[in-house]
Amino acid sequence: MADKKLLLIDGNSVAFRAFYALYRQLDRFQNPEGLHTNAIYAFKNMLDVILKQEKPSHALVAFDAGKTTFRTRMFKEYKGGRAKTPSELLEQLPYIKELLADLGIKSYELPDYEADDIIGTYSKKGQEAGFQVAIFSGDKDLTQLATDKATVYVTKSGVTDLEAYTPEHMKEVNGVTPTEFIDMKALMGDNSDNYPGVTKVGPKTASNLIRKYGSVEGVYEHLDDMKKSKLKENLINDKDKAFLAKKLATINCESPVEPEIADLKIEATNVEKLRSFYEQMNFRRFLAELDDSGLASASGEVEEKKVEYEVATEKTQLPEEAEISFYLGMFGENYHTADFTGFSLKIGEKVYVSSDVNLLLTKPYKELLEGSCHKNVFDLKKTLVGLHRLGIKAQHLDYDMLLASYLVNNENNSNDLGEIAHLYDYYQIKSDVDIYGKGKKAAIPDEEIFFNHLANKVVAIEALKAELLKRLKEHEQDDLYETIELPVAHVLAKMEITGLKTEARILTEQGAEIGTKLIKLESDIYDLAGEKFNINSPKQLGQILFEKMQLPVIKKTKTGYSTSVDVLEQLKSQAPIVEKILQYRQLAKLQSTYIKGLLDVIQPDGRVHTRYQQTLTATGRLSSVDPNLQNIPVRLDEGKKIRKAFVPTDNDGYIFSCDYSQVELRVLAHVSGDENMQEAFKTGYDIHAHTAMKIFHLDSPDEVTPNMRRHAKAVNFGIVYGISDYGLSKNLGISRKQAKEFIDNYFEQYPKIKDYMDKEINFARENGYVETIMHRRRYLPDIHAKNFNVRSFAERTAINSPIQGGAADIIKIAMINMQKKLDELNLKTKMLIQVHDELIFDVPADELETIKKIVPEVMQNAVQLDVPLIADANWGHDWYEAK
DNA sequence: TCAGTCACG
DNA sequence: ACGTACGTGACTGAC
């Protein structure tokens with residue numbers, strides 16, 4: 001701790017920020033007496049960050065004393081027109097002060113002065129007394145106090161993301177010094193404080209004027225030098241306003257504050273009072289920190305709780321129990337290749353830990369893992385794959401904490417055991433990031449910490465099991481968990497382990513060809529542009545197209561010109577370079593993502609082993625990483641050729657693919673109960689043509705033109721996504737009015753679809769979540785958002801999630817049944833890939849006929865809906881031919 | 001680490 | 001009036 005470091009906090013503005021940072025959690029943060037606690041909680045979090053960063057010797061949190069101050073007397077509208085502070089925040093302020101007192105930090109307010117003035121005054125006093133000063137606020141007004149001895153930190157987003165204002169940084173941001181900033185504000189006025197400056201003067205003009213003349217006074221002294229202009233006129237007219245604004249904007253650094261600097265010394269934390277405060281607020285996380293660190297630390301720096309464990313050896317006598325918990329440690333994300341770090345095992349009350357995974361190959365351990373006792377794990381699929389690498393065929397992995405928590409609530413898609421435990425108020429384990437660090441700096445800590453962390457994992461798995469199972473039951477998700485997610489994890493493990501045979505030679509050949517074309521395109525583009533530049537840089541490309549070549553700007557992004565496909569498509573006819581760029585983009589994508597990318601991940605066995613993320617998506621779909629096998633090109637033939645590299649294991653074998661036809665629309669037809677749509681599927685109509693007939697009021701399918709069908713197809717898609725006329729019009733390039741007509745017709749023809757949409761949105765409003773046919777949940781807290789866009793998004797999600805998620809449920813069931821069938825029939829055929837509505841298999845030649853029969857059958861019968869499910873099969877000697 | 005772009009269902 | 005389709009992952013350049 002530095003001897004003389006003074007921390008000054010703008011209590012009101014930070015509390016305000018804290019309140020809104022956790023505004024979405026407002027309902028969740030309530031103590032048993034009904035007091036809201038979100039701002040108190042976030043304030044404490046912020047305080048921890050600041051204390052850790054600054055390590056101050058002295059501190060003061062300043063609050064506003066009341067509405068009337070010397071400024072309101074100068075200008076009665078000062079801060080007028082502000083929305084009233086919400087009562088949910090007001091009620092928390094006294095408790096924030098209480099918290100500060102318990103932590104030994106002084107709070108202070110002074111009638112007739114604002115918090116800003118108190119801070120300015122102590123900042124000045126502190127610097128005079130030789131202190132380094134750090135000021136924290138949610139408000140940029142305080143940046144005028146920045147000096148070489150005082151840094152002003154302003155919250156950027158949330159409460160812990162801070163921007164540091166030093167005099168240098170002020171200069172960069174505003175072009176003026178901190179004191180000049182007052183003058184700048186005087187010219188600009190301040191909307192949020194409700195005082196005007198000079199008409200038509202904004203940040204740019206104000207900054208320029210002050211830089212030139214140094215101050216408001218300087219500006220007015222030099223008025224005569226200025227040319228006649230609107231600006232000059234405004235300056236003359238608003239002179240009084242400018243000088244008033246300067247007075248209002250200036251922080252009073254000579255306020256009559258009472259406490260001496262020495263009185264601001266941080267005192268010892270009153271642990272007992274703090275503990276009862278946390279108990280009253282129901283802050284279990286902070287309580288856990290207190291329990292472990294006691295007096296020493298109230299700053300959030302805690303060790304993990306110590307667990308009694310034994311270091312396992314070959315001689316360890318393992319007790320026998322019907323149920324155990326097991327954790328297999330690896331360093332790195334990709335468990336197909338990551339190094340093993342160790343394991344932990346909990347049998348009864350005994351915990352065993354080791355960093356030697358080879359121990360698991362010795363008899364007692366191997367028998368235990370392959371035997372009939374029930375094992376609780378965290379991430380079943382990872383554990384299965386890891387043990388498989390060691391040559392262990394684990395049996396009875398019957399409980400997966402990760403899967404259970406994902407089903408219960410997937411708002412947080414972390415796959416970190418510690419973080420998940422924290423969601424259930426279990427704080428004796430830290431997150432892996434806290435233990436290992438992240439990015440390049442990640443490393444395994446000292447053995448003592450590492451073993452204790454491993455030990456804590458099995459303890460946590462067991463400790464939270466009952467709670468998670470209880471919640472699954474409450475959500476009616478036990479079936480989803482037991483009969484879908486757990487079994488499908490086994491199937492996925494098999495698929496990942498099998499991997500997909502990939503011909504590096506084919507990729508290399510294609511890469512060479514593409515490389516040649518890219519070089520040619522590159523030089524053509526440079527010629528047409530008249531200079532060399534990086535075509536892959538949207539920024540540089542934008543400058544060439546829209547500045548140098550003066551093409552019309554169609555769309556802008558946050559950072560500059562948009563150069564995306566739809567923009568370039570519109571510019572194609574105006575300059576030959578555009579077409580070349582489009583071709584270049586397409587090929588560059590193939591080269592970098594698919595040729596190079598895939599070559600990098602072919603394992604020594606000549607196969608790629610993806611990982612399916614089973615606990616990631618908001619809807620229940622899988623995702624595929626390292627490599628992503630769910631987005632291999634198919635729409636354009638140039639890209640589709642990549643698929644030639646994916647081949648069956650046997651030279652004369654087949655890649656066999658089978659995909660559901662319109663599965664999401666069928667799910668919609670089922671859940672909505674719309675008779676017209678159900679009828680279309682039952683009679684086997686082409687659904688898009690059927691929709692075309694409906695929305696264009698035709699009598700026979702013969703009247704449907706290809707263009708009508710295309711429009712109808714887009715409407716069908718739109719419906720699934722939670723349609724809007726604007727979105728549809730943009731997609732189809734038609735007028736908004738016409739799009740609206742399509743939609744109105746659609747709802748008229750399929751009336752229960754509209755009912756379904758309203759029903760889901762209402763359900764979400766009432767329950768805060770929506771669910772699929774199998775009770776897979778998605779929480780939608782934004783459904784109550786005040787912001788139109790945010791709320792609308794939640795409403796579309798409420799419509800889409802049960803459909804997309806329902807389709808995900810169905811194919812998972814099909815996968816389980818399919819694997820069972822393959823096993824029953826003792827087939828060598830392997831399931832390889834799932835692409836949301838499609839399954840892909842590696843089929844030996846002599847099994848093709850069987851597979852042709854059973855795969856569509858199993859997929860079509862996965863569930864019984866009110867409409868039939870249809871699955872279409874394709875096959876060939878590589879993945880390219882299989883479609 | 002983020003934003004832009006583009007590959008898939 | 002608001003500014004939009006739903007769900008993903010990988011690569012690149014720029015900070």
### Summary
Expected vector for segment A:309-316, Karplus 3J(HN,Hα) from phi with 6.51, -1.76, 1.60 and θ = phi - 60°, integer Hz, x for Gly and Pro, equals 9, 10, 7, 6, 9, 5, 8, 4
### Task
Report the antiparallel proportion of the DSSP beta bridges in chain A as a percent, rounded to a multiple of 5.
65
## Note on the structure
Put A:D479, A:D809, A:D758 in order of accessible area, largest first, probe 1.4 Å, and you get A:D479, A:D758, A:D809
### Query
Near A:K556, which aspartates and glutamates are there with a Cα under 17 Å away, not counting those fewer than 8 places off in the same chain?
A:E547, A:D566, A:E569
### Summary
Probe 1.4 Å, heavy atoms of protein chains only: per residue, the accessible area of segment A:180-226 in Å² is 47
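Let me check against my output: what whole-number percent is the relative contact order of chain A, with C-alpha pairs under 8 Å and at least 6 apart?
Numbers: 1435 pairs, mean separation 78.5, N = 883.
So the answer I get is 9 percent.
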### Task
Check each of the GluC sites (Glu not before Pro) in segment A:32-132 and keep only those in coil by DSSP with at most 12 other C-beta atoms within 10 angstrom; list them in order.
A:E33, A:E77
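If I stretch the segment between A:I870 and A:K548 completely, what's the gain in nm (0.36 nm per residue apart, minus their alpha carbon distance), one decimal? Don't skip to the answer; put the middle values down first.
On the way: separation 322, 0.36 × 322 = 115.92 nm, distance 5.38 nm.
Full extension from A:I870 to A:K548 adds 110.5 nm.
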### Task
Let me know the number of lysine pairs in segment A:713-800 closer than 22 Å at the Cα, not counting same-chain pairs under 8 apart.
12
### Query
Roughly how many Å² of A:C658 are accessible to a 1.4 Å probe, to the nearest 10?
0
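If you roll a 1.4 Å probe over chain A with all protein chains in place, what percent of the accessible area is carbon or sulfur?
Working: 20190 of 41420 Å².
Percent of accessible area from carbon and sulfur atoms in chain A: 49.
Quick one: which of A:K539/A:K596; A:K79/A:K241; A:K346/A:K366; A:K52/A:K171 span more than 19 angstrom between C-alpha atoms?
A:K539/A:K596; A:K52/A:K171
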### Task
Report the normalised scattering of chain A as log10 I(q)/I(0) at q = 0.04, 0.07 Å⁻¹, calculated by the Debye formula with identical scatterers on the alpha carbons.
-0.26, -0.79
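Please arrange A:Y561, A:Y769, A:Y278 by accessible surface area, largest first, computed with a 1.4 Å probe and ligands excluded. It would help to have the intermediate numbers written out before the result.
Working: A:Y561 60, A:Y769 30, A:Y278 5 Å².
Heavy-atom accessible area, descending, gives A:Y561, A:Y769, A:Y278.
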#### Entry: Principal-axis tilt of helix A:751-767 within chain A, Cα atoms, nearest 10 degrees
50
### Message
Just want to confirm a number: the relative contact order over segment A:310-474, from Cα pairs under 8 angstrom separated by 6+ residues, in percent.
### Response
22
### Task
Could you please report the charge total around A:N762, scoring K, R as +1 and D, E as -1 over all other residues with beta-carbon less than 12 angstrom from its beta-carbon?
-3
### Task
Grab every C-alpha pair in segment A:310-474, bin the distances at 10 angstrom width from 0 up to the longest one, and report whole percents.
10, 42, 37, 10, 0
### Task
Take the alpha carbon atoms of segment A:691-746, find their center, do the same for segment A:787-861, and report the distance between the two centers in whole angstrom.
29
### Task
Compute the length gained on full extension between A:A442 and A:N31: take 0.36 nm times their separation in residues and subtract their Cα-Cα distance, giving the result in nm to one decimal.
144.2 nm
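Loop only by DSSP, 14 or fewer other Cβ within 10 Å of the Cβ. Give me the trypsin sites (Lys or Arg not before Pro) in segment A:346-437 that pass, ordered by residue number. Present the calculation step by step, with values, prior to reporting the outcome.
Numbers: sites: A:K346, A:K350, A:K366, A:K375, A:K381, A:K382, A:R389, A:K393, A:K430; in loops: A:K393, A:K430.
Answer by residue number: A:K393.
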## Note on the structure
Restricting to Cα pairs under 8 Å and 6 or more apart, the percent relative contact order of segment A:92-245 works out to 14
### Summary
The long-range amide H neighbours of A:T341, using H built 1.01 Å from N in the peptide plane and a cut-off of under 5 Å, are A:G329, A:M330, A:F331
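So what's the net charge close to A:K273: Lys and Arg +1, Asp and Glu -1, counting the other residues with Cβ under 15 Å from its Cβ? Intermediate values should be presented prior to the final figure.
Details: positive: A:K44, A:K97, A:R275; negative: A:E98, A:D102, A:E267, A:E272, A:E279.
Value of the local net charge: -2.
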### Query
When the Cα centres of segment A:542-602 and segment A:104-175 are compared, how far apart do they sit, in Å?
45
### Query
Expressed as a whole number of Å, what is the distance separating the alpha-carbon centroids of segment A:1-68 and segment A:382-396?
48
#### Entry: Share, in percent, of DSSP beta bridges within segment A:310-474 that are antiparallel, nearest 5
60
### Query
Roughly how many Å² of A:T205 are accessible to a 1.4 Å probe, to the nearest 10?
40
### Message
Using a Cα-Cα cut-off of under 17 Å, which lysines could be cross-linked to A:K124, ignoring same-chain neighbours fewer than 8 residues away?
### Response
A:K4, A:K5, A:K149, A:K265
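Go ahead and run the numbers for FRET between A:D755 and A:N731, Cβ-Cβ distance against an R0 of 25 Å, rounding to 0.05. Kindly include the intermediate steps, with their values, before the conclusion.
On the way: r = 24 Å, r/R0 = 0.98.
Step by step, r from the Cβ atoms, then E = 0.55.
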### Query
Under 28 Å from the Cα of A:K853, which lysines turn up, not counting those fewer than eight places away in the same chain?
A:K494, A:K501, A:K640, A:K641, A:K644, A:K682, A:K812, A:K820, A:K821, A:K828, A:K830, A:K883
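The values are calculated or read from the model by the stated rules, or taken from the named source; none is laboratory data. Nothing here was measured: the structure is a model prediction, and the numbers come from that model. FYI the Cβ positions are ideal-geometry reconstructions off the backbone, even for glycines, and counts take in every protein chain you see. SASA here: full protein model, heavy atoms, side chains in, ligands and nucleic acids out. Shrake-Rupley method; radii C 1.70, N 1.55, O 1.52, S 1.80 Å.
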